[in-house]
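Since the structure comes first, as structure tokens, the remarks are kept for the end.
Read the figures in this text as sums done on the coordinates, not as results from a lab. Quantities reported herein were computed from a predicted structural model and do not represent experimental measurements. So basically every Cβ, Gly included, is an ideal-geometry build from the backbone, and we count neighbours across all protein chains shown.
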Amino acid sequence: MSPILLAVLFIVAAPLFGGLLTGADRIVSARMQGRVGPPVLQPFYDVGKLLQKDARQVNPIAEPLVFGHVVFMALSGAMVVGGVDLLFTAFVFALAALFLVLAAGSVNSPYSFAGAERELIVLLASEPFFILMLAAICKVTGESTFAGVLASPERVAPLLPGVVLAFLLVATIKLRKSPFDISTSHHPHQELVRGLTSDMSGRLIAWVELAHWYESALLALFVVLLVNWSAPLAVGVFLVAYFLEILVDNSTSRAKWQLVLRSTWAVTLVLAGGNVLALFLVGR
């Protein structure tokens, strides 16, 4: 399949994957809390209803910035499967998150502004790891594209165990799970005021949720890169890891931003950085 078709396939299929994943997330979380939970398709109903509502324009620039957040999040995943250099896509991934920060910061509200500040801390904590992870994958396989890594005879995960363990921690931040959901929560039970999206309404909330679905699909692609020798195994590993994320989310409380930043940097330097250093020392 051509790179362009793969990119278009991601843009179309990623929201379906992300929406179903969110629906399953809600059901599993509800069962952990002794509730029945909503239907698995409820996220699609919610987003569809939000798209039909008008957005309260607190600031005219907020909606273009939120829409840019969706576009660049979708573009980063499309670039990965489309054969663009993996390290370059990491910077587009960070740019997508920056658009959401700017959208929240453009609103004259203490809640949104605090959420924007904390989202910048999230970026500062997580993005160095993703750059290091993709650089390590390219180093191990000698390839810099998604298709090249999958075709490589080198098995990534066994050579990068520290990176895999660090990924589990950092994914908690990107999936907006406790204890690292410091800027906004994926589930409303965590708080009454949602930080980043406190002053967003209608279709703006729908765009943010759609971007989160693209982000979840992109994280799944990163798991495929780590488990590059078997796509079905990679899907199974992602589902198991996601279940563990839900379990942690429902059994921990939110940490302070100082702990999030220190722990993420420590894990990135010790586990991921130590793993990459070991590869250079052994001449891999």
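Report the Rg/Rh value for region 70-120, based on alpha-carbon coordinates and the Kirkwood definition of Rh.
My calculation puts Rg/Rh at 1.13.
So what's the convex hull volume per residue for the Cα atoms of the chain, in Å³?
Considering the Cα atoms of the chain, their hull volume per residue is 120 Å³.
As a check on your grasp of the helix formula, calculate [θ] at 222 nm for the chain: sum -39500 (n - 2.57) over DSSP H runs of n ≥ 4, divide by the residue count, round to the nearest 500.
The helix contribution divided over the chain gives -23000 deg cm²/dmol.
Charges on Cβ only, +1 for Lys and Arg, -1 for Asp and Glu, centred on the Cα centroid of region 1-157; of GLY23, ASN59, LEU87, which one is farthest towards the dipole's positive end?
Selected residue: GLY23.
Within region 1-110, list the trypsin sites (Lys or Arg not before Pro) lying in a DSSP loop whose Cβ has at most 13 other Cβ atoms in a 10 Å radius.
Those that pass, being in a loop and sparsely packed, are ARG35, LYS53, ARG56.
What residue among ASN250, ASN59, ASN228 has the largest mean-square fluctuation in a Gaussian network model of the chain, using Cα springs under 10 Å?
ASN59
Pop out the ³J(HN,Hα) list for region 120-130 in order, Karplus 6.51 cos²θ - 1.76 cosθ + 1.60 with θ = phi - 60°, rounded to Hz; leave Gly and Pro as x.
5, 5, 4, 4, 5, 7, 9, 4, x, 5, 5
Each residue of region 101-114 in turn: what ³J(HN,Hα) in whole Hz from Karplus with 6.51, -1.76, 1.60 and θ = phi - 60°, glycine and Pro shown as x?
With coefficients 6.51, -1.76 and 1.60, one gets 4, 5, 5, 5, x, 6, 8, 7, 9, x, 6, 5, 5, 5 Hz.
Looking at the square roots a ≥ b ≥ c of the eigenvalues of the Cα gyration tensor of region 1-119, which shape do they give, rounded for a/c under 1.5, prolate if a/b is larger than b/c, or oblate?
oblate
Using Cα springs under 10 Å in a Gaussian network model of the chain, which residue among SER198, SER106, SER230 shows the largest mean-square fluctuation?
SER230
By its C-alpha gyration tensor, with a ≥ b ≥ c as the square roots of the eigenvalues, how is region 211-279 shaped: rounded for a/c under 1.5, else prolate for a/b larger than b/c, else oblate?
Verdict is oblate for region 211-279.
Sorted from largest down, what three extents in whole angstroms do the Cα atoms of region 149-273 have along their principal axes?
49, 32, 22
Taking the Cα centre as origin and putting +1 on Lys and Arg beta-carbons and -1 on Asp and Glu beta-carbons, what dipole magnitude results for the chain, to the nearest 20 debye?
440 debye
What's the whole-number percent of alpha carbon pairs in region 105-192 lying beyond 20 angstrom?
49 percent
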